[in-house]
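Everything below concerns the one structure shown next.
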Amino acid sequence: MKVPVPFWPAGIRNVIRMLTILGIGVAIGMLTLGTVVLLDARADAWQQAKQASANLALVLERDIARNVALYDLSLQGVVKALQEPDINQISPVIRHSALFDSSASGEDLGSILVLNASGNVVEDSTSVVPHALNLADRDYFRIQQERSDVGLYISRPFLSRLRGGDASIAISRRIPTPDGRFEGVVMGALRLAYFQKLFEKLNLGPGGSVTLIGQDGRLVARYPYLKSDFDRDMSNSATFRRFAAAAQGSFEGTSSYGINRLYTYRHVGGLPLILSIALSVDEIYSAWWRKALIVATILVALCGATVALCLLFRREMLRRLAAESALLEAANKLSVIAATDGLTGLANRRTFDAGLRVEWKRAIRAETPIALLMLDVDHFKLYNDGYGHQEGDHALQTIATCILQNIRRPGDLGARYGGEEFVALLLNTDWAGAITVAEGIRRAVEDLGIQHVDSPMGQLTVSIGLTVVHPLLGDTEDLLVREADEALYDAKRTGRNRLCTAGRTFQSH
């Protein structure tokens, strides 16, 4: 119970509190809303960058895969034509036309060459009379010679001997004899300028790049291009390991040049190539940062002014009420102490008795039922003796918490009745509702699993006596207490850790 407070000071104090809370709430609301909007815009910027990168990577991947597939068809056509039995019987000019189609003369395509088993050039798409050249040292020749299961092989970048050092890669296929032995290689050169022209059309912003890497970690092409990038080994880099781990994806990482980037990558069709598009994280968020700085500055200024005005108002008003508030606070503290059990925080015995008298009369007038639960901690003296009074006090506090968690209606009352006994007064509650609450408390204590070696149950439990009464005019509240106490006695006598009810056969355990 609180000491009565004069109307006007209390009203003013509430107004001050409400206005202060409202002002700070408005400031917090503005900051929260602004933060949510800015974070949402930031997430949108990131998502849009990821989506744009994924779309670009898909378009580039399809373009590269399509052109390599078309070029590979030309190589397969050469292999098939060479396996014709009469191919060597026709004239060189006709044989040249039969071997090489028009796709071999594309702008960024180099020569299609046929190498014999020794690596010598025996057919050349650019000339009826082939160049006198041996390419047995090239990786594509060695790989096709050593392995019969390679199929289409894409080489490391090299400087072409036929085109004055033009940077290229080779697409090659093995030429087998009818019995499967190695007879040579057909290869087609693809100029790296093709990739540079394709990549430089993209506007990736400062710090952005697009990279094509072989699955062995060798860099094939990159934009922007550096001389040091030619045939660069990236197999030990952290980014390449991420590329190799999945067919496609995106992640944030730091490049070898120290730039924080969003990487989006795809494996190029069924080819041993990986395409990566990298955008600078700073560039992705550059527009967002400019907007965020403006919005944040305005929000902080408005919120700061709002909070400052609220605090100034509050301080001035509270200064006038300081003396009275101090007296009222002291009085209220004394009132709470007088009504509350100091250990458990529940109502004390005096508060319970007063509340029971009031609610008993109200139940008579309203003709409504009233329920009382009386709880006793089983073998609590043994627990106190075995574990000490400090642990005993802690156990009582924990049980009080279980009671409060199960009597949730504002009018219901939980109290410490004395020692290890507790009571719970439930207003306008029938048997079903009272049993539900009582069982909830008993199970909650049991579920705590507090060890009690001296108890037959091996843990701390409670016994509960319950009664529900429809009081009539002339009845006293002692009837309610007496019936609940008798039910509690039955619960303890029949084995404890159970609920017994007055005048009913219900038993919970």
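Close contacts from the stretch 213-241, counting a first residue that is more than 17 Å from Phe199 (Cα to Cα) and a second that is open to solvent by less than 20 Å² (accessible area, probe 1.4 Å) and part of a helix (DSSP H, G or I), with Cβ to Cβ under 7 Å and a gap of 6+ residues or different chains, come to Gly217/Phe240; Met234/Phe240.
Screening the stretch 65-182 for strands (runs of 3 or more DSSP E) wholly inside it with 2 or more residues that are touching a Lys or Arg at 6+ places or on another chain (Cβ under 9 Å) returns the ranges 109-116, 167-176.
Annotation note: of Leu198, Leu226, Leu192, Leu202, the sole residue that is aliphatic (A, V, I, L, M), surrounded by fewer than 20 Cβ atoms within 10 Å (Cβ to Cβ) and closer than 16 Å to Leu159 by Cα is Leu226. Filtered by the rule that a residue be closer than 17 Å to Ala301 by Cβ and of a type in the set (A, V, I, L, M), the stretch 26-66 gives Val26, Ala27, Ile28, Met30, Leu31, Leu33, Val37, Leu38. Scanning the stretch 428-453 for residues that are open to solvent by less than 70 Å² (accessible area, probe 1.4 Å), free of Cβ contacts under 8 Å to residues at least 40 places away in the same chain, in a helix (DSSP H, G or I) and more than 21 Å from Leu413 (Cβ to Cβ) returns no hits. Among residues of the stretch 341-368 being outside any helix (DSSP H, G or I) and polar (S, T, N, Q), the one that is nearest to Arg416 (Cα to Cα) is Asn348. Taken over the stretch 70-94, the criterion of being modelled with pLDDT of 85 or more and acidic (Asp, Glu) is satisfied by Asp72 alone. I'm trying to understand the selection: among the residues of the stretch 374-399, which are crowded, with 20+ Cβ neighbours inside 10 Å, assigned to a helix (DSSP H, G or I) and of a type in the set (Asp, Glu)? Within the stretch 374-399, none qualify. For the condition among the hydrophobic types (A, V, I, L, M, F, W, C), in a helix (DSSP H, G or I) and touching a Leu at 6+ places or on another chain (Cβ under 6 Å), Ala371 does not qualify. Which residues, counting only those in the stretch 454-478, are more than 22 Å from His394 (Cβ to Cβ), surrounded by 24 or more Cβ atoms within 10 Å (Cβ to Cβ) and small (Gly, Ala, Ser)? Matches in the stretch 454-478: Gly465 only. Considering the stretch 53-100, the residues that are free of Cβ contacts under 8 Å to residues at least 24 places away in the same chain and of a type in the set (Gly, Ala, Ser) include one that is least open to solvent (accessible area, probe 1.4 Å), namely Ala81.
Exactly one residue among Ser155, Ser172 is closer than 30 Å to Tyr265 by Cα and touching a residue at least 40 places away in the same chain (Cβ under 8 Å), and that residue is Ser172.
The values are calculated or read from the model by the stated rules, or taken from the named source; none is laboratory data. The structure presented is a predicted model; accordingly, all values stated were derived computationally and were not measured. Heads up, the Cβs are rebuilt from the backbone with ideal geometry, glycines too, and the neighbour counts pull from every protein chain shown. The accessibility values were calculated without ligands, DNA or RNA, using every heavy atom of the protein model including side chains. Shrake-Rupley method; radii C 1.70, N 1.55, O 1.52, S 1.80 Å.
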